[in-house]
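I have placed the structure first, in the form of structure tokens, so that the comments after it can refer back to it.
The values are calculated or read from the model by the stated rules, or taken from the named source; none is laboratory data. On a predicted model such as this, the values are computed, not experimentally measured, just so you know. Reconstructed Cβ throughout: ideal geometry from the backbone, glycine too, with neighbour counts over all protein chains shown.
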Amino acid sequence: MNYYLKYRPQTIAELDLTFVREALTKALQAKSVPHAWLFCGPKGTGKTSSARIIAKAVNCDTKKDSPEPCNHCDNCRAITKGTAMDVLEIDAASNRGIDDIRELKDKINLAPTNLKYKVYIIDEVHMLTKEAFNALLKTLEEPPAHAIFILATTEPEKLPETVVSRCLVIKFAKALPAELIRSLKRVVKAEKLTVKDEALQLIAGAADGSFRDAVKALEYPSGLSVIKLDDWLAWLYQRRAKAALDWLQSAWNEGRRPKSILLAAIERLRRILLLRLGVGEAEDIATLIDPAIIKDLARRLIAAAGEIKDSAIEVLPLELAVADWCQSGPPPSAKTPAGKTGILSKWPQILEAVKPLNHSLEALLRATEPVGVENGFLLVRVYYQFHKDRLEEERYRAMIEQVASKILAAPVKIKFFLSAKLTPSHDADIIKTAEEVFGIEVND
């Protein structure tokens, strides 16, 4: 059994949408239970699970003040197993005609076999024909006391207003990342899985608000692996078309959905962009340095995500986006005016030349790391926002660029970028910098 079915919510408390939990609790605690409910919202947000919980709650044999089903009595267990004859689930996409609704109407007056209430769960109710809706409306207008209807749809705008007005409407919104992570952690704990918070955040970002898609992703961890996705984004950033398309083809062959890949990639780019701008925390992708390139790449992938729905071949918009992106400009240069090795070997000289000009500035630079040159800029990795802010002050930037240009024998412009990764040696540099710049002593 897959995780989504195995860990389908069985109580109101287990539902992860806060508003839905509150709405169901309030409705079931009322003096009289509504005879018609309408659940509307995107796929995978818990509409069917909620309908089954209601069926159990109204038929639970255990006497209690709580609206929750006990899940232990014979009635609750039969509904959970799907063997209760008085709980009928109907797929309106397959049973959409007037004859189907007439048959339901003829049987509804019969008393329940074992339960207190007969519960009819009609999924994708918007698929019913006009004639079927008219027949259903007559049933909703004069329902027998023992009948409860729960209608579910992803397209409520297609329902006649006369039907909607006779139902208690509960809107299921797309789940927030925090709600998705709550659901994922419940599965991770029960299955004793080892999954990093970064991976859960990635899955939540790619699930597009769907609990079903998020939980399913846990069954295919390699498909949403942070490491593999990071490799793909690095290849895209470097405009390596063959590597990026090969990875995409492999993911497609393994059953990964293009939209899922896109959503995960866009969320990952968002977090890296915010990191570069000094906002939030994320596991870094060192290759993705320039915020401008990150933004352009994210925009290209967002456009591809919007084209998938109308594409004859699902993966084609993503393949075209990759090809167009990789051909739209030169790859970021990995070379430097003096070569990467040259810059690394001459960096101490740059620091020594800056020191007599400004002792505090040299201390700040000692806690940074040059990584190369891209689009004419010397790229320097910085580990704290307050360091970056200080180094980017015009007078300091000009001083560093002047010294670096002289020592490297080539015009140099500098770009500082934030990185989340720290090594023990950098920790020591940060402490020493604080002591020298601010005149304090930092004790371990």
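Only one of the listed residues (Asp91, Asp106) is acidic (Asp, Glu), more than 17 Å from Lys158 (Cβ to Cβ) and surrounded by fewer than 15 Cβ atoms within 10 Å (Cβ to Cβ). That residue is Asp106.
Of all residues in region 42-65, which are under 28 Å from the mean Cα position of the chain (by Cα), surrounded by fewer than 22 Cβ atoms within 10 Å (Cβ to Cβ) and not hydroxyl-bearing (Ser, Thr, Tyr)? Across region 42-65, the qualifying residues are Pro42, Lys43. Of all residues in region 110-125, at least one satisfies being more than 25 Å from Ser49 (Cβ to Cβ) and either free of Cβ contacts under 8 Å to residues at least 24 places away in the same chain or of a type outside the set (Lys, Arg) (or both). Filtering region 252-269 to residues that are under 18 Å from Arg300 (Cβ atoms) and free of Cβ contacts under 8 Å to residues at least 60 places away in the same chain leaves Lys259, Ser260, Ile261, Leu262, Leu263, Ala265, Leu269.
Quick grid of which residues meet (1) in contact with a Pro (Cβ under 7 Å, 6 or more places away or on another chain); (2) modelled with pLDDT under 90; (3) basic (Lys, Arg):
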{"position": "Ala152", "(1), (2), (3)": "no, no, no"}
{"position": "Arg166", "(1), (2), (3)": "no, no, yes"}
{"position": "Lys171", "(1), (2), (3)": "no, no, yes"}
{"position": "Ala175", "(1), (2), (3)": "no, yes, no"}
{"position": "Ala178", "(1), (2), (3)": "no, yes, no"}
{"position": "Lys185", "(1), (2), (3)": "no, no, yes"}
{"position": "Lys192", "(1), (2), (3)": "no, yes, yes"}
{"position": "Ile203", "(1), (2), (3)": "no, yes, no"}
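Taking region 169-275 as the region of interest, the helices (runs of 4 or more DSSP H) fully inside it that hold 3 or more residues being of a type in the set (A, V, I, L, M, F, W, C) and over 22 Å from Gly44 (Cα atoms) are 226-237, 241-253.
Tallying residues that are surrounded by fewer than 17 Cβ atoms within 10 Å (Cβ to Cβ), touching a residue at least 40 places away in the same chain (Cβ under 8 Å) and part of a loop (DSSP other than H, G, I, E, B) within region 288-327 yields 1.
Going through (1) free of Cβ contacts under 8 Å to residues at least 60 places away in the same chain; (2) touching a Pro at 6+ places or on another chain (Cβ under 9 Å); (3) not aliphatic (A, V, I, L, M) one by one, Asn59 falls short only on (1).
Figure legend. Inter-residue proximity from region 136-149: first residues closer than 12 Å to Lys105 by Cα and surrounded by fewer than 17 Cβ atoms within 10 Å (Cβ to Cβ), second residues at pLDDT 90 or above and aliphatic (A, V, I, L, M), beta-carbon distance below 6 Å, spacing 6+ or different chains. Indicated pairs: Leu137/Val163.
The sole residue among Thr162, Thr153 that is in the same structural domain as Val119 (by TED's automatic domain parsing), more than 27 Å from Cys326 (Cβ to Cβ), without any contact (Cβ under 8 Å) to a residue 40 or more places away in the chain and in contact with a helix residue (DSSP H, G or I) (Cβ under 6 Å, 6 or more places away or on another chain) is Thr162. Of all residues in region 258-287, those satisfying the criterion of being basic (Lys, Arg), more than 15 Å from Ala199 (Cβ to Cβ) and crowded, with 18+ Cβ neighbours inside 10 Å are Lys259, Arg276.
All of His72, His35 fail the test of being at pLDDT 90 or above and under 20 Å from Arg166 (Cα atoms), apart from His35.
Here is the figure for region 157-181: residues that are surrounded by 18 or more Cβ atoms within 10 Å (Cβ to Cβ) and closer than 25 Å to Ala199 by Cα total 4. The residues on offer are Ala145, Ala135, Ala111, and the sole one that is of a type outside the set (Phe, Trp, Tyr), in the same structural domain as Cys40 (by TED's automatic domain parsing) and in a helix (DSSP H, G or I) is Ala135.
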